[in-house]
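Some notes on the structure that comes next.
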Amino acid sequence: MELGRLEYLQALVTEFQVTDSTGNKRCCSIALSVSSVSSHTRPFSLAEAKEQVLANLANFAYDPSNYEYLRQLQVLDLFLDMLTEDNETLVEFAMGGLCNLCLDKTNKEYILEASGVEPIINCLSSSNEETVVSAVTTLMFLTTPRSRAQTTALPVVECMLRFSLSANTRLSNLASIFLQDYCSPPQVEEARNLSKHTAVGIPLPKD
């Protein structure tokens, strides 16, 4: 049973990262494996196939019993790499996968050691609500005494202040929790004072 699970995850990773002779990532075999279990009657495009496989990997990240396998297969690195993609859907699924994985102490330490905080912070500027919510939640999970200076840096606190005023209740509530539980009153006050003197900030995601 466990061997079968590892083999299946390995197949997903392999299908996502088929590499041609020029070194460019391709996914020529994904469409076949995904479409065979999908209700779609038309062939998947290359982008759709990648999205489907990454969504599957993110879903497997929900289950703690998969953590060791996902680390072994370097899926955490795969998710981190996808955060800089132009495809918003890939970023959304990668961010969701990291959000699931960082509940685990070992995964959390790995992400921090891999300099994963910066690309996660960059995801706060996404126009995709799911990406932003996952990024805020992930920053909460990644906050430790050692990482706090980075996860609650001034630009992040400024961003959370803006999010806390959003008409999007889901986002505003999450940002308020971040400010209350992860930021000190002086940090919040400094960010609030700075925000009064600048109109530049991380844009709110689309509703």
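The values are calculated or read from the model by the stated rules, or taken from the named source; none is laboratory data. Being a predicted model, the structure only gives us computed values, none of them experimental. Note that we place each Cβ from the backbone using ideal geometry, even for glycine, and neighbour counts take in every protein chain shown. Keep in mind that these areas ignore ligands, DNA and RNA; they rest on the heavy atoms of the full protein, side chains included. Shrake-Rupley method; radii C 1.70, N 1.55, O 1.52, S 1.80 Å.
Collect the residues in the stretch 66-88 that are open to solvent by 30 Å² or more (accessible area, probe 1.4 Å), without any contact (Cβ under 8 Å) to a residue 60 or more places away in the chain and not charged (D, E, K, R), keeping them in residue-number order.
Result: Thr84, Asn87.
Which residues, counting only those in the stretch 94-129, are more than 21 Å from Asp181 (Cα to Cα), free of Cβ contacts under 8 Å to residues at least 12 places away in the same chain and not acidic (Asp, Glu)?
Passing the criteria: only Ser115.
Being touching an Asp or Glu at 6+ places or on another chain (Cβ under 9 Å), open to solvent by 20 Å² or more (accessible area, probe 1.4 Å) and assigned to a helix (DSSP H, G or I) is the filter here; which residues of the stretch 159-176 pass it?
Matches in the stretch 159-176: Arg170 only.
Give Val91, Val132 a once-over and let me know the one that is touching a residue at least 60 places away in the same chain (Cβ under 8 Å) and buried (at least 23 other Cβ atoms within 10 Å of the Cβ).
Working: Val91 fails: touching a residue at least 60 places away in the same chain (Cβ under 8 Å).
Only one candidate passes the filter, namely Val132.
If a residue must be within 18 Å of Glu130 (Cα to Cα) and open to solvent by 20 Å² or more (accessible area, probe 1.4 Å), how many such residues does the stretch 177-190 contain? Break it down into steps so the answer makes sense when it comes.
To start, the set of residues in the stretch 177-190 that are within 18 Å of Glu130 (Cα to Cα) comprises 177-178.
Pick out the ones that are also open to solvent by 20 Å² or more (accessible area, probe 1.4 Å) and you get 177.
Number of matching residues: 1.
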